[in-house]
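J.: Before we start, here is the structure in question, set down as structure tokens.
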């Protein structure tokens, strides 16, 4: 991939700025104009957020530092010259260097949502998203220091930062092999800045409360599990189930669809509700259990291991189960006083529709181990991970794989893709590993 040398003079004649100290006075307005990004108000919004903290910098990028940390994150050395060339162009171009520092400071000192940021991919000869990549690599020393401060083993730090390589690989796959990171992934990277997310084996995990209106029970004798929705907010999206037991799409304006509520009742002796099938939909048939015969495994606001699935290769069941086991050992050793007994995840890779789309796959084989449950989705959720972006006309989306072809065909027929959520207990993980 090449970057156009013409960007060295990129709109510079329009700025009227000669001094490198371009963050003084009102110069930033000239740079925003020179970059010609829309909506312009979003750049001003981010600039104002940073200025209130007085943390906007004008530093040039240290090429050697970026290259060292690209190797630390196991980027191919074939990318070295592309990265160095991009840094050289940015350092010599005041508007681009302004944008680089704006993006980096926006990530570190604000909670600005970068999915709202103006499109920058057209910059640098249609390689503008490399700005996000270089910004993250530039922050690696700060990120590593933060993980060290919370006593993270070196091998887990290195493994965790491989995510930046994986971000770039995904970007290259969908963007004609151009280096970069998508703005949504860049936004997610705040979790690494705060040392909240840890890659342990195949998966990433963080400790957080579960904010889903569920009750998960386990029978004391038979070890059977049952999952109910316990919805306290009448206006909750979880209270809007369609005829198939899935949650109505958030952006569905069709008022003719049949909607029902999964009621939940509890008294001193029993619990009654609509159980959730392990395949991920609510059954429209009430079930009652005797409280004294069941243990409550998980309730709203209990701590869970929130799992993220990196785009990092195969997802064999044994590999993933080992990752889950190691995650429990890691977090329990750091928090022995806390009760943690479930892994939770929401993802497109947990969509119940995958049982029909890719029935005999590592993904669905793994899904068979989970207790799936419905989660709110709009009609586009998860599709950018499958197609690289969202499309207004899905017939124009790439159909290079059987997964893509089947999803496009479903969408055209009005069967939109939905996300799924899962739970898996530590006991179930141990039971699987002991039997294999």
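The values are calculated or read from the model by the stated rules, or taken from the named source; none is laboratory data. Keep in mind that this is a model prediction, so the values were computed, not measured. No Cβ is skipped: glycine too gets one built from the backbone with ideal geometry, and neighbour counts run over all protein chains shown.
J.: When only residues in region 122-156 that are in a helix (DSSP H, G or I) and in contact with a strand residue (DSSP E or B) (Cβ under 9 Å, 6 or more places away or on another chain) count, which is farthest from residue 60 (Cα to Cα)?
T.: Once the filter is applied, the top-ranked residue is 156.
J.: With modelled with pLDDT of 95 or more and over 29 Å from residue 351 (Cβ atoms) as the only criterion, which of 269, 287 stands out?
T.: 269
J.: On to the next question. Against the condition out of contact with any strand residue (DSSP E or B) (no Cβ under 8 Å at 6 or more places or on another chain) and in a helix (DSSP H, G or I), how does residue 173 come out, does it pass?
T.: Taking the combined requirement at face value, the residue satisfies it.
J.: In addition: Applying the selection to region 381-397, what residues are without any contact (Cβ under 8 Å) to a residue 24 or more places away in the chain and either part of a loop (DSSP other than H, G, I, E, B) or within 20 Å of the chain's Cα centre (by Cα) (or both)?
T.: 390, 391, 392, 393, 397
J.: For the list (1) surrounded by fewer than 20 Cβ atoms within 10 Å (Cβ to Cβ); (2) within 26 Å of residue 401 (Cα to Cα); (3) touching a residue at least 40 places away in the same chain (Cβ under 8 Å), I need the number of the one condition that residue 190 fails.
T.: Answer for residue 190: the failing condition is (2).
J.: So residue 221 fits all but one of (1) buried (at least 17 other Cβ atoms within 10 Å of the Cβ); (2) touching a residue at least 60 places away in the same chain (Cβ under 8 Å); what number is the exception?
T.: Unmet for residue 221, out of (1) buried (at least 17 other Cβ atoms within 10 Å of the Cβ); (2) touching a residue at least 60 places away in the same chain (Cβ under 8 Å): (1).
J.: Filter region 409-431 for residues that are in contact with a helix residue (DSSP H, G or I) (Cβ under 7 Å, 6 or more places away or on another chain) and modelled with pLDDT under 95; which is farthest from residue 214 (Cα to Cα)?
T.: 412
J.: Tally the residues that are in a strand (DSSP E or B) and under 12 Å from the mean Cα position of the chain (by Cα), restricting the search to region 189-205.
T.: 2
J.: Could you grab me the full set of residues in region 204-219 that are touching a strand residue (DSSP E or B) at 6+ places or on another chain (Cβ under 9 Å) and farther than 21 Å from residue 265 by Cβ?
T.: 204, 205, 206, 207, 208, 209, 210
J.: I would also like to ask the following. Quick check on residue 250: is it loosely packed, with under 15 Cβ neighbours inside 10 Å, within 27 Å of the chain's Cα centre (by Cα) and more than 26 Å from residue 191 (Cα to Cα)?
T.: The answer is yes for residue 250.
J.: Let me ask another. Could you tell me whether any residue of region 180-188 is assigned to a helix (DSSP H, G or I), in contact with a helix residue (DSSP H, G or I) (Cβ under 7 Å, 6 or more places away or on another chain) and farther than 23 Å from residue 421 by Cα?
T.: yes
J.: Let me ask something additional. Might you check whether a residue that is closer than 15 Å to residue 42 by Cβ and more than 23 Å from the chain's Cα centre (by Cα) occurs anywhere in region 105-122?
T.: No, region 105-122 has no match at all.
J.: Since residue 260 meets every condition but one in (1) touching a strand residue (DSSP E or B) at 6+ places or on another chain (Cβ under 9 Å); (2) within 28 Å of residue 190 (Cα to Cα), which condition does it not meet?
T.: Condition (2) is where residue 260 drops out.
J.: Scan region 252-277 for residues that are assigned to a loop (DSSP other than H, G, I, E, B) and touching a helix residue (DSSP H, G or I) at 6+ places or on another chain (Cβ under 8 Å) and report the count.
T.: 4
J.: Being more than 25 Å from residue 221 (Cβ to Cβ) and surrounded by fewer than 19 Cβ atoms within 10 Å (Cβ to Cβ) narrows it down to one residue among 277, 288, 236, 270; which is it?
T.: After applying the criteria, what remains is 236.
J.: Spot the failing condition for residue 356; the list is (1) modelled with pLDDT under 95; (2) under 22 Å from the mean Cα position of the chain (by Cα); (3) assigned to a helix (DSSP H, G or I); (4) assigned by TED's automatic domain parsing to the domain that holds residue 308, and only one is missed.
T.: With respect to (1) modelled with pLDDT under 95; (2) under 22 Å from the mean Cα position of the chain (by Cα); (3) assigned to a helix (DSSP H, G or I); (4) assigned by TED's automatic domain parsing to the domain that holds residue 308, residue 356 is out only on (2).
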